[in-house]
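Written below as structure tokens is the structure these notes are about.
The values are calculated or read from the model by the stated rules, or taken from the named source; none is laboratory data. Just so it is clear, the structure is predicted and the values come from calculations on it, not from any experiment. With ideal geometry, Cβ positions are generated from the backbone for all residues, glycine too; neighbour counts draw on all protein chains shown. Heads up: the accessible areas ignore ligands, DNA and RNA and are worked out on the full protein's heavy atoms, side chains in. Shrake-Rupley method; radii C 1.70, N 1.55, O 1.52, S 1.80 Å.
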Amino acid sequence: MLDKSKLIATVERLIEDTDIFLVDLTVSQDNRIVVEIDSPNGIDIETCEKITHGILNEYDRDVEDYELEVGSAGLTSPFKVAGQYIKNLGNEVEVLTKDGRKIHGILVEFNSESSSFIVETAKKIKLPDKKRPELIADPLTFSTDDVKYVKLYLK
């Protein structure tokens, strides 16, 4: 079986000095390698091909048989790494908390040191001098450990 840590090091070397970041890399028992990458500017097919060829050049299929898939993290995939949170600042996200609440709002901040983020939601409040409730911004702070997932909200 291929060494996952060596594969990660290979991919990180291949994307060094670019804005591309590694989202996930899995190696199954039957040597199926899946590499997920992303970038603030998106990922094109040429980038996937370049990384695929880089891996193929380092790991001889005659020595160890494996299947390789390199692609971008999907639009509807949950966020796994800080780069995905940062890339999606200002976008509407869906948060599913561990206690089962589903929250939609704008991702306004991500703190990579504390692995926390702020989602701004709209809340209706009845103000004393107004006849109708008004929508006000309600920032909610979460730790990545306290949520089941965060993903881009597509209407």
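General observations
- Exposure of Phe21 as accessible area (Å², to 10), given a probe of 1.4 Å and all protein chains: 40
- In summary, the lysines within cross-link reach of Lys123, defined as a Cα separation below 26 angstrom excluding same-chain residues under 8 places away, comprise Lys87, Lys98, Lys102, Lys131, Lys148, Lys151, Lys155.
- Between helix 4-14 and the chain: long-axis angle, C-alpha atoms, 0 to 90°, nearest 10: 80
- In terms of packing, defined here as the mean over residues of other Cβ atoms within 10 angstrom, the peptides 113-121, 41-49 line up highest first as 113-121, 41-49.
- For the chain, the share of accessible area belonging to carbon and sulfur comes to 47 percent (1.4 Å probe, ligands and nucleic acids excluded).
- Computed about the Cα centre, the dipole magnitude for the chain is approximately 1480 debye when only Lys and Arg (+1) and Asp and Glu (-1) carry charge, each at its Cβ.
- Longest to shortest principal axis, alpha-carbon extents of region 64-155, angstrom: 73, 30, 24
- Region 1-91: trypsin sites (Lys or Arg not before Pro) falling in loop per DSSP and having at most 13 other Cβ within 10 Å: Arg61
- Taking the alpha carbon gyration tensor of region 49-112, multiplying each eigenvalue by 5 and rooting it gives semi-axes of 36, 14, 10 Å, largest first.
- Space enclosed by the convex hull of the alpha-carbon atoms of the chain, per residue, Å³: 148
- Rounded accessible area per residue of the chain, 1.4 Å, Å²: 63
- Within-12-Å neighbourhood charge of Ile43 [Cβ basis; K, R +1; D, E -1]: -4
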